[in-house]
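Reviewing the structure listed below.
The values are calculated or read from the model by the stated rules, or taken from the named source; none is laboratory data. Nothing here was measured: the structure is a model prediction, and the numbers come from that model. So basically every Cβ, Gly included, is an ideal-geometry build from the backbone, and we count neighbours across all protein chains shown. Only protein heavy atoms, including side chains, enter the accessible area calculation; ligands, DNA and RNA are left aside. Shrake-Rupley method; radii C 1.70, N 1.55, O 1.52, S 1.80 Å.
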Amino acid sequence: MNPSSYVVLSALLFSIGAIGVLVRRNAIVVFMSVELMLNAANLAFVSFARMNGNLDGQVVAFFVMVVAAAEVVVGLAIIVTIFRTRRSASIDEPNLLKY
Amino acid sequence: MNFPWLTTLMVVPLVGSIVVALLPKGRDLLAKQVALVVSLATLVITVLMATQFQGDSAEPFQFVESHPWIPAFGISYSVGVDGIALVLVALAATLVPVVVLAGWHDVDESSRGSVKGYFALILVLETLMIGVFSALDVFLFYVFFEVMLIPVYFMIGRFGGIQRSYAAVKFLLYSLVGGLFMLASLIGLYVVSAQMTGTGTFDFVSLAGLDIDPDVQKLLFLGFFFAFAVKAPLWPFHTWLPDAAAESKPGTSVLLIGVLDKVGTFGMIRYCLPIFPAASDFYAPVVIGMALVGIFYGAFVALSQNDMKRLFAYSSMSHFGFITLGIFVFTSQGQTGSVVYMVAHGLSTAALFLTAGFLMDRYRGSSLISDYEGVNKAAPVLAGFFLVAALSSLALPGLVSFVGEFLVLLGSFERYVWVGALATVGIVITAAYVLRLYQRSMTGPLKPELEGMGDLRGREVTALVPIALLTIVLGVFPAPLLNVINPAVDRVMTSVGATDPAPTVQSAGLSTEGADQ
Amino acid sequence: MTELMPAEGVFSLIWLLIALPLAGAAVLLVGGRRTNAWGPLLGVLTVSASAVLGIVMLLQMMQNSPEQRTFDQTLFSWVFVGGFQADMAFQLDQLSMVFVLLITIVGALIHVYSLGYMSHDRDKRKFFGYLNLFVAAMLILVLANNYLLLYVGWEGVGLASYLLIGFWQHKPSAAAAAKKAFVINRIGDVGMSLAIMLMFVTFGTVSFQGVFGVADQASEGTLNAIGLLLLLAACGKSAQFPLQAWLLDAMEGPTPVSALIHAATMVTAGVYLIARSNAIFDVATVAATTVVVVGVVTVFIGAIIGSAKDDIKKSLAGSTMSQIGYMIAAAGLGPIGYVFAIFHLLTHGVFKAGLFLGAGSVMHGMNDNVDMRRYGALRKVMIVTYVTFAAGWLSIMGIPPFSGFFSKDEIIHAAFEQSVLTGVLLIIGAGVTGFYMTRMFIMTFLGKARWEDDVHPHESPKVMTVPLVLLAIGSLFLGMALLYWGNIETWLEPVVGYEAGESPISTTASIALSLLAVGLGVLVAYLMYQRRAVPIEAPHGSWLTRAARNELYGNEVNDVLVVQPTYYTSRWLVWFDNKGVDGFVNGSAAFVGGLSGRMRRYQTGFARSYALSMVGGAVLVVLALVLVRAS
């Protein structure tokens, strides 16, 4: 099968994820969209690794997975804490970190 | 030769600093004692090292140690000293114990910062000062050059006066901007060396041996020179100095102006001239112009200051003008004079700031000249030391500052008659502001508020006596300085390709160069 | 040509001449109050020992033939860089010999006198320390074998003068006078520094032997420049026009200081400098002529000021200025004058020291009042002071056979040899000298007593009068002794050169003329101050009197031309530094601060807007990449 199809799929997934981050208010959903983008990137890495015939891209994909896992831990913890104090998971409401 | 003198010199104060910092809280006296002992030990090692130094050696650098550090970029930890660096290392090693002793009560329980912190910072600074003068790798030099800012930043910002954070930030930013330009030039220099030799290097000796294209030199020179001009400081990059001097403790000012600022002028003679000879020649008229402006500008502004510390800062700026002038006239007299002047200025600055500090300790810490009058009556010994410091600052013949100043003026006069003549007029204004300060603060009827002000005590006298003695002894017998500086300056002169103008009478008929320029 | 003798035998102790008073100064100044009891005696002792050593050296020197009287002692290399070389080295020849004797002997007498004069002062050991320092520095000045070392002595005496003028520091006027003296001298030092530099650039050396050996090979323009620069230095140190303003203020110092430093020795250093540099001035004709002009102008400035001042010390200071004018003028005359400049310097050193110490003795008895209008009739109560002062008075006016007669007459005669105008002017100057000295003498010792009520004049103690008597004897005999027994011309000739010139008038005529002028001056003074009562309040006086009282407005001129512009520039630069240079620095900081203040408004706190800008940025980067690829 033509590897470029995987790249196209990865681009599609990435765009869906990006739109999800931009338009959804619920933090959990935004978070899932971010995961989607990360996995789109992973897919692209793996595809390119296949196309170039070396393992660099696959190695990076593993890195991304580890980072994503760590990020999920921290991110979810933050969301849960915010939900506990504010009784809401909207990401528009907490805006104290501004100028 | 094989003993790692310079590394030992850097390690001893560093270890001392760690020990001081780790001492338990409340053991302030112990912290001071450890700091004093460590700094004295460093001085002893320096003296031992200096006796091993061979003035007439064919090697340009002695006590050389070299270990690879980041081989991929040709960076190594390599240190070594020539005569110029040696005297400056010795100056630093001399002033640190003096500052520790003089600053015994500068910081105590009632002040903001911790006592041991202050003394630990002084010792770290000593390590860095020795490192910056003895680095033989330009990158290593740069690292020391920038890291030095940190202890000074804390010494001003934590232990300074009311406006301390303004002064500290101004000092830091100014120096960082200068350092940034230097970093850019440094990288450029590496690239150039990589292009010319195939493998890039930061080694000073190899870099000085390169014959860099003059146009490239002119660009790279600017980065280095700007950093040094800020550090020295030259007019018009000087305005951080009065603030920093006015807000810091006297001891901090001594180390800052007496030693740290010398890195600027040291950098000019060590790095700018040998690595960029063509550019140095090209920019010499501009630099000489800046130096001349600085000499008069600093002196004139000092004349109207009402704050002693600011006055000393502006007078230092004037003196730095002399030092820079001597370096950029490319005569052996001028350059040797500049190095001697650096040492002399370190000593006179120390004497001035410390005596003024002792004076301020006795009257609510005020540094305003108008707050004092007739001190001579209440504290004759203090006034005596103040006068010696003042005379050293105005370069009284017979003191070491005279040797430096006269040689600088002579060297300038040889090359450019009118520049030398003009700079010489500066000595009148110097005398005017120094003696005005002495007249206003020390003479006249004693101010009633100052009644009962005590004279100097044993510790304070002990701190000042070595400086006064060195000032006089080296003025009468400067051979120990000249013997080591002369060969180093000769090498600098060779690397720039300059020779002293010949006297007109002996070369009469051939050329009258020198007298007519 | 003279040959350089190695310093052997007693001459190996040349350094000791300097070291003795220097050690005394060090002990007294470092020792502090502990030395109060015996310190003054130590001061006297060290200088006296130097004097004895000097006399021994003189006797030894006279054993040698005239060509073998220059001794050179090199201690060590002092400043050496590239081609520049200045040694810590001393040269004792006939010229420095007479100076050594003048300095140490007069210095020792004044030290002894000070034992009495300063006996009540709390800080007297400091005073003796400074005096010793002065003697040491002055000896360095005259013994140096190169110009750079001479400069050390030159500045050393300036420092001692600064310290001693301001000795009573609690008086603001004394402190101000000290600073003024130092700063004005510093202007002279600029001349000195530049002269040394120009010598090095021209000859490649700054030692006397080296410079004088090749002096005639340099171009005349260079030599004139060196000469004029040396003259500037001499003007500063010797209070010659236009740098004369400090000397009158210098009288704030204790009277022994005025006698030693500001009359007998230090202020004559300019004359020494010019006489020492005779090889340069012989060729530099423009510079030499300028020297004469400066000397003659100062003769009149000093004399006029001296004629109007009611302060006895300031009147004497004007006189000193004027007498040094004679010496400078003589030194400018060239080989016909050097010898007599030094001759007059020596006699003047003795009689003026006597006059000043006499004035000090008077002040001692008059509660330190210096106003001559409150003196009068002191001859009855201060008989020794009166007689010794009279000796000085007759000597300075040039009445035979007092010392001043011989030396001043030789100068006037030599001046005629150069130009009639100079000679006539100097004779007029002698007339004015007669006037102001007689005025001083009459107002102080003769006439009616105008003492303040609580003043009880008395003769000074022995320790003060004995030096007075010795100096008076010197005023009487020194001139004759030097001229007829010492053969001062032949003694100095190997060093400074001497040639008698053609004079348009005979010696007798010039003596007669100058005595006539002096007689006129004395007569006028007699009519004005002896025949008429001296008012206690100074009369308004003519414009010349008022100008002279104000020191011919020298201070005002300096103030308008130099001091005010300096302070104006200084204040303007302070403003410029704060507003201009630092304003730019702080301004750029404020600009960055303001800019970031605006930019932070974009931090709205809405996470999704951040995400949008990130996406936007990413899209831009991708677009850019695509465009770059496409092109």
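Listing for the model above:
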quantity	calculated
Test result for C:Gly392, farther than 30 Å from C:Ser96 by Cα, small (Gly, Ala, Ser) and either touching a residue at least 12 places away in the same chain (Cβ under 8 Å) or not in a helix (DSSP H, G or I) (or both)	no
Per-region count, the stretch B:165-213, residues open to solvent by less than 60 Å² (accessible area, probe 1.4 Å), away from chain C (no Cβ under 14 Å) and of a type in the set (Phe, Trp, Tyr)	3
Residue list for the stretch B:469-490, restricted to those being within 12 Å of chain C (Cβ to nearest Cβ), under 16 Å from B:Leu347 (Cβ atoms) and open to solvent by 20 Å² or more (accessible area, probe 1.4 Å)	B:Leu469, B:Ile472, B:Leu474, B:Val476, B:Phe477, B:Pro480
Extreme residue, farthest from C:Ala359 (Cα to Cα), among residues of the stretch C:405-453 that are in a helix (DSSP H, G or I) and among the polar types (S, T, N, Q)	C:Gln418
All positions within the stretch B:26-50 that are open to solvent by 70 Å² or more (accessible area, probe 1.4 Å), in contact with a helix residue (DSSP H, G or I) (Cβ under 8 Å, 6 or more places away or on another chain) and either polar (S, T, N, Q) or in a loop (DSSP other than H, G, I, E, B) (or both)	B:Arg27
Residue in the stretch C:9-16 that is assigned to a helix (DSSP H, G or I), within 14 Å of chain B (Cβ to nearest Cβ) and of a type outside the set (A, V, I, L, M) present	yes
C:Asn586 over 40 Å from the mean Cα position of the chain (by Cα), polar (S, T, N, Q), more than 14 Å from chain A (Cβ to nearest Cβ) and surrounded by 12 or more Cβ atoms within 10 Å (Cβ to Cβ)	yes
In the stretch C:526-549, the residues that are open to solvent by 70 Å² or more (accessible area, probe 1.4 Å) and not in a helix (DSSP H, G or I)	C:Arg531, C:Arg532, C:Ala533, C:Ile536, C:Glu537, C:His540
Residues that are out of contact with any helix residue (DSSP H, G or I) (no Cβ under 7 Å at 6 or more places or on another chain) and either assigned to a helix (DSSP H, G or I) or open to solvent by 80 Å² or more (accessible area, probe 1.4 Å) (or both), drawn from the stretch B:1-25	B:Met1, B:Asn2, B:Phe3, B:Thr7, B:Val11, B:Val15, B:Ile18, B:Leu22, B:Lys25
Residue list for the stretch C:200-209, filter: within 10 Å of chain B (Cβ to nearest Cβ), under 18 Å from C:Leu4 (Cα atoms) and not hydroxyl-bearing (Ser, Thr, Tyr)	C:Val206
Positions within the stretch A:1-59 being open to solvent by 90 Å² or more (accessible area, probe 1.4 Å), touching a helix residue (DSSP H, G or I) at 6+ places or on another chain (Cβ under 7 Å) and in a helix (DSSP H, G or I), in sequence order	A:Tyr6, A:Phe14, A:Ile16, A:Phe48, A:Arg50, A:Met51, A:Asp56
Verdict on B:Val381 being in contact with an Asp or Glu (Cβ under 6 Å, 6 or more places away or on another chain) and in contact (Cβ under 8 Å) with a residue 40 or more places away in the chain	yes
Whichever residue in the stretch C:153-173 is in a helix (DSSP H, G or I) and facing another protein chain (nearest Cβ under 7 Å) and, among such residues, is surrounded by the fewest Cβ atoms within 10 Å (Cβ to Cβ)	C:Pro172
Hits in the stretch B:399-443 - residues which are at pLDDT below 90 and not in a helix (DSSP H, G or I)	B:Thr443
Condition met for C:Glu556 (open to solvent by 60 Å² or more (accessible area, probe 1.4 Å), charged (D, E, K, R) and not in a helix (DSSP H, G or I))	no
Answer from C:Phe134, C:Phe99, C:Phe127 - the residue that is away from every other protein chain (no Cβ under 14 Å), at pLDDT 90 or above and open to solvent by less than 10 Å² (accessible area, probe 1.4 Å)	C:Phe99
B:Thr331 vs. criteria among the hydroxyl-bearing types (Ser, Thr, Tyr), touching a Gly at 6+ places or on another chain (Cβ under 9 Å) and within 11 Å of another protein chain (Cβ to nearest Cβ)	yes
Among residues of the stretch B:427-467, those that are within 27 Å of the chain's Cα centre (by Cα), within 9 Å of chain C (Cβ to nearest Cβ) and touching a residue at least 12 places away in the same chain (Cβ under 8 Å), counted	9
Qualifying residue in the stretch C:116-123 (condition: modelled with pLDDT under 90, within 13 Å of chain B (Cβ to nearest Cβ) and touching a Phe, Trp or Tyr at 6+ places or on another chain (Cβ under 9 Å))	yes
Residue within the stretch C:395-409 that is closer than 25 Å to C:Trp451 by Cα and either in contact (Cβ under 8 Å) with a residue 40 or more places away in the chain or open to solvent by less than 10 Å² (accessible area, probe 1.4 Å) (or both) present	no
The stretch C:138-152 - residue that is out of contact with any Phe, Trp or Tyr (no Cβ under 6 Å at 6 or more places or on another chain) and either open to solvent by 10 Å² or more (accessible area, probe 1.4 Å) or not in a helix (DSSP H, G or I) (or both) and, of those, farthest from the other protein chains (Cβ to nearest Cβ)	C:Asn146
Single condition C:Gln217 does not satisfy, out of (1) within 30 Å of C:Val283 (Cα to Cα); (2) more than 10 Å from chain B (Cβ to nearest Cβ)	(2)
Residue within the stretch B:329-339 that is touching a Pro at 6+ places or on another chain (Cβ under 7 Å) and either open to solvent by less than 10 Å² (accessible area, probe 1.4 Å) or among the hydrophobic types (A, V, I, L, M, F, W, C) (or both) present	no
Cβ pairs under 8 Å, 6+ apart, first in the stretch C:178-198 and in contact (Cβ under 8 Å) with a residue 24 or more places away in the chain, second acidic (Asp, Glu) and assigned to a helix (DSSP H, G or I)	C:Ala178/C:Glu252; C:Lys180/C:Asp249; C:Ala181/C:Asp249; C:Asp189/C:Glu155
The listed residue being in contact (Cβ under 8 Å) with a residue 24 or more places away in the chain, within 21 Å of C:Tyr436 (Cβ to Cβ) and open to solvent by 40 Å² or more (accessible area, probe 1.4 Å), out of C:Leu478, C:Leu523, C:Leu513, C:Leu471	C:Leu513
Subset tally (residues that are surrounded by fewer than 11 Cβ atoms within 10 Å (Cβ to Cβ) and within 14 Å of chain C (Cβ to nearest Cβ)) for the stretch A:60-99	3
